[in-house]
Amino acid sequence: MPYKDTKRESSRTEGTYDVYIEIDIDCQELVEACDVEYTLCRDDNTQNEIAFHLDREDYCDMFETIQFVKLNEQVIAERLLNPELAEYVTKATLYTPYGDKITFE
């Protein structure tokens, strides 16, 4: 049976821009203080995962002023969370409704 990326499929079928941020588990209290939902990463038990599901308008509002050449996982986390939490981010993955997957580590 071929591997199926359920996150990519979800983004395509829902028509959303889905951003998954992996953040060090050591800052879990800070994440909870920001009232952000998270789950333990399936493939790395030292990381929590925070999911954002953005429509096109929200996606454009968040990312239209970022130059791609300066884009990394901390910049994405600053836009979606805050600068303090961004320091703990180790990975950000963006799924587009067009089937694209972009990962910053």
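The values are calculated or read from the model by the stated rules, or taken from the named source; none is laboratory data. Computed from a predicted model, the values in this text were never measured in an experiment. In this analysis, Cβ positions are derived from the backbone assuming ideal geometry, glycine residues included, and neighbour counts consider all displayed protein chains.
Looking at 31, 69, which one is out of contact with any helix residue (DSSP H, G or I) (no Cβ under 7 Å at 6 or more places or on another chain), over 23 Å from residue 13 (Cα atoms) and either in a loop (DSSP other than H, G, I, E, B) or not polar (S, T, N, Q) (or both)?
Working: 31 fails: out of contact with any helix residue (DSSP H, G or I) (no Cβ under 7 Å at 6 or more places or on another chain).
Residue meeting the stated conditions: 69.
Residues in the stretch 92-100: is at least one of a type in the set (Gly, Ala, Ser), in contact with a Ser or Thr (Cβ under 9 Å, 6 or more places away or on another chain) and crowded, with 17+ Cβ neighbours inside 10 Å?
To start, the set of residues in the stretch 92-100 that are of a type in the set (Gly, Ala, Ser) comprises 92, 99.
Add one more test, that the residue is in contact with a Ser or Thr (Cβ under 9 Å, 6 or more places away or on another chain), and what stays is 92, 99.
From the residues that got through so far, the ones that are crowded, with 17+ Cβ neighbours inside 10 Å too are 92.
Yes: the stretch 92-100 contains one or more residues that are of a type in the set (Gly, Ala, Ser), in contact with a Ser or Thr (Cβ under 9 Å, 6 or more places away or on another chain) and crowded, with 17+ Cβ neighbours inside 10 Å.
This table checks each residue for (1) within 13 Å of the chain's Cα centre (by Cα); (2) at pLDDT below 95.
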site: 35; (1), (2): no, yes
site: 40; (1), (2): no, no
site: 48; (1), (2): yes, no
site: 51; (1), (2): yes, no
site: 54; (1), (2): yes, no
site: 57; (1), (2): no, no
site: 66; (1), (2): no, yes
site: 74; (1), (2): yes, no
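Please name all residue pairs, on different chains or six or more residues apart, with Cβ atoms under 8 Å, provided the first residue is in the stretch 87-105 and is touching a residue at least 24 places away in the same chain (Cβ under 8 Å) and under 21 Å from residue 27 (Cβ atoms) and the second residue is acidic (Asp, Glu) and assigned to a loop (DSSP other than H, G, I, E, B).
Filtered contacts from the stretch 87-105: 90/105; 91/105.
Please determine, by comparing only the residues of the stretch 15-46 that are charged (D, E, K, R) and surrounded by 13 or more Cβ atoms within 10 Å (Cβ to Cβ), which one is farthest from residue 81 (Cα to Cα).
Residue satisfying both the conditions and the ranking: 44.
Is it true that some residue in the stretch 3-13 is within 19 Å of residue 102 (Cα to Cα), touching a residue at least 40 places away in the same chain (Cβ under 8 Å) and polar (S, T, N, Q)?
Just the residues of the stretch 3-13 that are within 19 Å of residue 102 (Cα to Cα), to begin with: 3-13.
Right, trim to touching a residue at least 40 places away in the same chain (Cβ under 8 Å) and you get 5, 7-8, 10-12.
Within this subset, residues satisfying the condition of being polar (S, T, N, Q) are 10-11.
Within the stretch 3-13, one or more residues are within 19 Å of residue 102 (Cα to Cα), touching a residue at least 40 places away in the same chain (Cβ under 8 Å) and polar (S, T, N, Q).
Restricted to the stretch 72-91, and to residues that are outside any helix (DSSP H, G or I) and of a type in the set (A, V, I, L, M, F, W, C), which residue is nearest to residue 32 (Cα to Cα)? Steps first, answer last, please.
Step one: of the stretch 72-91, the residues outside any helix (DSSP H, G or I) are 72, 81-82, 87-91.
Filter once more, keeping what is of a type in the set (A, V, I, L, M, F, W, C): 81, 89.
Working: 81: 12, 89: 15 Å.
Checked the stretch 72-91; the qualifying residue nearest to residue 32 (Cα to Cα) is 81.
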